[in-house]
Amino acid sequence: MPPQELLARPQWRRTGDPRFPVAAIVDGRSWALRLNSFPDHPLWTLFVDGARRFDIDDLPSTWGKPSPRTDPPLDARTAEEILAPIRTFVAYGSEIGDPCDNPFCCG
């Protein structure tokens with residue numbers, strides 16, 4: 001059985017942050033997608049309630065296509081609450097204590 005995160009149907013909203021451009025509230029839990037330096041790293045990293053869940057290149061069809069340009073925005077307070085615990089994890093791998101330091105993809 002796939003992880004619950006793959007079965008959900010998030011309603012993505014813009015956050016205003018270029019590194020974490022979209023987020024959603026799913027079953028009372030906060031989700032945020034970090035946009036990574038693709039193709040050097042997976043396209044997205046999913047964070048749920050501030051914890052890294054997994055990396056993904058192709059989003060499940062049930063998730064829809066998050067669009068930082070056209071999704072409606074989150075209100076500023078909600079966006080800040082979702083992003084506060086992960087805001088420092090901008091480099092790929094930083095959330096596990098091994099940040100990418102390659103100047104060409106993450107520098």
Note on region 91-107: residues touching a residue at least 24 places away in the same chain (Cβ under 8 Å) and either surrounded by fewer than 17 Cβ atoms within 10 Å (Cβ to Cβ) or over 15 Å from PHE54 (Cα atoms) (or both) are ILE96, CYS100, ASN102, PHE104, CYS105, CYS106
Residues of region 86-107 being part of a loop (DSSP other than H, G, I, E, B) and under 14 Å from the mean Cα position of the chain (by Cα), in sequence order, are ILE86, ARG87, THR88, PHE89, VAL90, ALA91, TYR92, GLY93
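How many residues does region 63-85 contain that are farther than 17 Å from LEU43 by Cβ and either among the β-branched types (Val, Ile, Thr) or in a helix (DSSP H, G or I) (or both)?
Just the residues of region 63-85 that are farther than 17 Å from LEU43 by Cβ, to begin with: 70, 72-85.
After this cut, where a residue has to be either among the β-branched types (Val, Ile, Thr) or in a helix (DSSP H, G or I) (or both) as well, the list is 70, 76-83.
Of the residues in that region, 9 qualify.
Tell me whether region 29-47 contains one or more residues that are on the phi > 0 side of the Ramachandran plot and part of a loop (DSSP other than H, G, I, E, B). Explain how you work it out, then say what you get.
Within region 29-47, the subset on the phi > 0 side of the Ramachandran plot is none.
Looking through region 29-47, none of the residues is on the phi > 0 side of the Ramachandran plot and part of a loop (DSSP other than H, G, I, E, B).
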Of (1) at pLDDT below 95; (2) open to solvent by less than 60 Å² (accessible area, probe 1.4 Å); (3) among the hydrophobic types (A, V, I, L, M, F, W, C); (4) part of a loop (DSSP other than H, G, I, E, B), PHE54 fails just (4)
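The values are calculated or read from the model by the stated rules, or taken from the named source; none is laboratory data. Since the structure is predicted, the reported quantities are computational estimates derived from the model, not experimental observations. When we count neighbours, we look across all protein chains shown, and the Cβ atoms used for this are built from the backbone with ideal geometry, even at glycine. Please note that ligands, DNA and RNA were not included when accessible areas were found on the heavy atoms of the full protein model with its side chains. Shrake-Rupley method; radii C 1.70, N 1.55, O 1.52, S 1.80 Å.
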